[in-house]
Structures are given as structure tokens and as C-alpha cells.
1. Is it true that L96 is surrounded by 17 or more Cβ atoms within 10 Å (Cβ to Cβ), in a helix (DSSP H, G or I) and either of a type in the set (A, V, I, L, M, F, W, C) or within 15 Å of the chain's Cα centre (by Cα) (or both)?
2. Considering only segment 150-184, state which residues are closer than 20 Å to E17 by Cβ, in contact (Cβ under 8 Å) with a residue 12 or more places away in the chain and part of a loop (DSSP other than H, G, I, E, B).
3. So which of A122, A105 ends up being exposed (fewer than 12 other Cβ atoms within 10 Å of the Cβ), among the small types (G, A, S) and assigned by TED's automatic domain parsing to the domain that holds K183?
4. Condition check: in the same structural domain as L130 (by TED's automatic domain parsing) and in a helix (DSSP H, G or I). Does L23 satisfy that?
5. If C89 satisfies all but one of (1) closer than 23 Å to L126 by Cα; (2) assigned to a loop (DSSP other than H, G, I, E, B); (3) not β-branched (V, I, T), what's the number of the condition it fails?
6. Being surrounded by fewer than 18 Cβ atoms within 10 Å (Cβ to Cβ) and hydrophobic (A, V, I, L, M, F, W, C) is the requirement here; does A146 meet it?
7. Quick check on my filter: what residues within segment 17-60 are closer than 19 Å to T194 by Cβ and touching a Phe, Trp or Tyr at 6+ places or on another chain (Cβ under 6 Å)?
8. Answer yes if at least one residue in segment 126-147 is within 19 Å of N100 (Cα to Cα), without any contact (Cβ under 8 Å) to a residue 24 or more places away in the chain and out of contact with any strand residue (DSSP E or B) (no Cβ under 7 Å at 6 or more places or on another chain), and no otherwise.
Amino acid sequence: MDNLKLTYFDFDGGRAEPARLALHIGGIPFEDNRFAPADFAEVRKATPLDQVPTLQVNDVVVTQGNAITRYAGKLAGLYPEDALQALFCDEVMSALEDVNVKIGATFGLKGDDLKKARDALASETLPRYLRWLQHQLESRGGAYLADNRLTIADLKALIVLRWLSSGKLDHIPADLIATVAPKLTGYMDRIANTPAIAQYYEKRAGA
């Protein structure tokens, strides 16, 4: 078996979290290399594109969060084998990454500039993505986003939806999801209560 080392910030969430979950669910051994945000300037010097996450597979270092998550999903049996279902999975993953990028673009803004940018996200952009995601969920049976089973699309959705509803993003209402796409709230809770996922976070809380 390949030796895997996943490098990302030392917090639960973000672009590496779906891969962490997938590897945990699949029982795939890996080194969970976490670092403090203050150490990022030094860590990034050793990364291919000055960013994380990275995944080292034996002696090869790979970048790009979605690619890493997809690889982890394949190892863990959480990525569809059917080409169309894989397309549905990738579509959701890419849309959710759009959300990450659009929110990320507001980091570094302050005061009125931050409020204006976040208000625009909360009133226009995020509702559009959230309603779309709710529609995808409903059109595929209401339980999962692809393949009628848990996939990495659900793992990424869980992480992004939790972030949006955390109350930690200034000027993004914590009840935004409940307001504009309420069915995603129950979906998020149900995915979080998947035994392997709940077990992972219980273990993390006790670490």
C-alpha cells in the first residue's frame, strides 16, 4: 500500500477535510500532517503551487484539493464508478469549490468593504448556489447528491454547508441555509450523523 501524507491547517474544515473524512471512512492509513496557521509561510515554501492541501504519495507531492479528495474517494470506495454519476459528483464538487473561492476572495477586506462584499454574497451569490444544490439533491432522490449513496460530493457539501452556517463568517447570516434552501439543513445534519463521520468528530473532540 502506498504511503500517504496529507498536509493542511490544523483545524476541522477547509479544503482538506473531505479527503480526511474519506480516508477515515475507508480505513485508509495516512499521515494527517496538520500545522498551525502561523506556520503557513514556511510550509508553503515546500508546496508545488504555494498552497495547501497537498498529498504526498510515496515520494510524489500532489496539489489541488478536489483532485486529492477524488483520489481519496476512489481509494475509499466513495467515488462513483458509473461515468454519469461520477459527472454528477464532480459537478457538485466544482460548484462547492466556486463557493470556497468566492468567499475566499473577501478575506483581507475590512470594515465597509468587507460588509459590502459579504452582503452581496449573502443576498445574491450564495442563495443561487444553495438553491441549485438543494435542487440537485431533490432531483437525485433527496438523500445523496450522486450515485444514491454517500460519496465525496456529500463530504464536501457537509464541510462547506457547516462553514456557511457556523456564524464565524462576518456578515453571512448563520441561518442563510435554513432561509433560502431549508432542505439542505436536514441533509447536512443527516450526513453529519453518518456513524463513521460522527465517530471521527467524537474522536477529534477528545483528542
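1. Values: surrounded by 17 or more Cβ atoms within 10 Å (Cβ to Cβ): yes; in a helix (DSSP H, G or I): yes; either of a type in the set (A, V, I, L, M, F, W, C) or within 15 Å of the chain's Cα centre (by Cα) (or both): yes.
The answer is yes for L96.
2. The answer is L150, T151, S165, L169, I172.
3. Going through A122, A105 in turn, the sole match is A105.
4. Details: in the same structural domain as L130 (by TED's automatic domain parsing): no; in a helix (DSSP H, G or I): yes.
For L23, the condition - in the same structural domain as L130 (by TED's automatic domain parsing) and in a helix (DSSP H, G or I) - is not met.
5. C89 satisfies every listed condition except (2).
6. In short, no.
7. Correct list: L23, H24.
8. yes
The values are calculated or read from the model by the stated rules, or taken from the named source; none is laboratory data. What you see is a predicted model; the values in this text were computed from it and never measured. When we count neighbours, we look across all protein chains shown, and the Cβ atoms used for this are built from the backbone with ideal geometry, even at glycine.
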